[in-house]
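Structure record follows, encoded as structure tokens.
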Amino acid sequence: ASIVGLIGAPFVIQNQDTLNYLYMGFLSFLVVLLIIHAVLVEKRKLHRYAQTVFHTHFAQHLVRDALSELEVSQTDNIKTTTEKILDAIANCFSITCGKTCRASIVELSDKFELTVPARDSMSQIRSTPRVKKHFLKDNTDFKNLWYSINGCSRYYLNNNIVKSWIKHSYDNSCFSEANEPEVKSLLGITYVKNWPLNYKSALILPIRYVSKFDPPKEGDSLSPHWDYYGFLCIDSVSKDSFDERYSPELGAIYADMLYTYFNQIDFILDTMTTPSTKIGDSDEEK
């Protein structure tokens, strides 16, 4: 109705000054509406992050209870608890991104082989068993994090993996288990056909504590400055899923939580295998 009114205004209003004021008023009103819309959209995004406290608290609750149970009753439910934590992470990022996200943990052996010991519940159902071995050197995301390449010292974030692959700046060993995607062009527009990965955006964070940057080489024993439990991987089937400012910080909370969880498990299990050592004993008592 506004557009029709503006088009028909010159036929109704003969005074040019009045017509100019009408157009100026309409444009000003439109700009104000767009500003209000932008503010509301941004607030809704931030409100999504406010909802993360429930999932973060739930994950921390799981860690606390699992460690207490392991220490008191020596009951080992590490895999089950880890999967529940990954469920909380996947649900948390699905809310903040407004798109379905998955979460998994990738481990790295001393031979630099990558394995996936745990996934969230949805990913377990939809994932297919790996046939070939996967190594660090063949995966851009993990390699960049391990060696801190291209500024990836704290996290690796890629909101358009397809575009990066087209530009030859992204490698993934999963391509070896499926047909290579095909690059097509239509009317000057480049697109990819038969994309084999289940995701197009990914956020990878290290589960580690590093007091000094000294990445071990393949076959070397781990450095005393290098306490590494693998990688927390969060991905989405859609492009542009992760907020470049807030998502890495939120993911880092969970990665640090998982480090504390795994580190305390090692400590408790070591204590169990050393009967003369009890948690809380002083050096003199030991």
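The values are calculated or read from the model by the stated rules, or taken from the named source; none is laboratory data. What you are looking at is a predicted structure, and each value in this text was computed from that prediction instead of being measured. Virtual Cβ from ideal backbone geometry, glycine too; neighbours counted across all protein chains shown. The accessibility values were calculated without ligands, DNA or RNA, using every heavy atom of the protein model including side chains. Shrake-Rupley method; radii C 1.70, N 1.55, O 1.52, S 1.80 Å.
Numbers for the structure displayed
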item: Contour excess over end-to-end distance, with Cα ends at V210 and V72 and 0.36 nm allotted per residue; result: 46.7 nm
item: Exposure of E180 as accessible area (Å², to 10), given a probe of 1.4 Å and all protein chains; result: 100 Å²
item: Which label in [x] 99, 44, 37; [y] 55, 45, 33; [z] 189, 43, 37 gives the computed Cα extents along the principal axes in Å; result: [x]
item: Relative packing of peptides 79-88, 141-150, 128-137 - highest average C-beta neighbours within 10 Å first; result: 79-88, 141-150, 128-137
item: Net length gained if the chain between S148 and Q124 were fully extended (0.36 nm per residue, minus Cα distance); result: 5.7 nm
item: Cβ-defined net charge surrounding V237, 10 Å radius [Lys, Arg +1; Asp, Glu -1]; result: +3
item: Extension gain from R64 to V41, taking 0.36 nm per residue of separation minus the Cα-Cα distance; result: 4.7 nm
item: Cross-link pairs beyond the 29 Å C-alpha cut-off, checked among K132/K163; K193/K217; K79/K167; result: K193/K217; K79/K167
item: Unit charges on C-beta of K, R, D, E only; dipole of segment 91-241, Debye; result: 420 debye
item: Signed unit charges on C-beta, dipole axis of segment 44-91, positive-most listed residue I85, L62, Q51; result: Q51
item: Cβ-derived FRET efficiency at R0 51 Å, I166 paired with I13, nearest 0.05; result: 0.45
item: Rounded FRET efficiency, nearest 0.05, which uses the C-beta distance separating V237 from L187 and R0 of 25 Å; result: 0.45
item: Segment 86-151 - percent of accessible surface contributed by carbon and sulfur, probe 1.4 Å; result: 51 percent
item: In Å², nearest 10: area of M272 left accessible to a 1.4 Å probe; result: 60 Å²
item: Solvent-accessible heavy-atom area per residue, rounded to whole Å², over the chain at 1.4 Å; result: 61 Å²
item: 13 Å cut-off, amide nitrogen to a point 7 angstrom out along K137 Cα→Cβ, residues in segment 105-124; result: 111-113
item: Expected 222 nm ellipticity per residue - DSSP helices of 4 or more, -39500 (n - 2.57), all of the chain, to 500; result: -15500 deg cm²/dmol
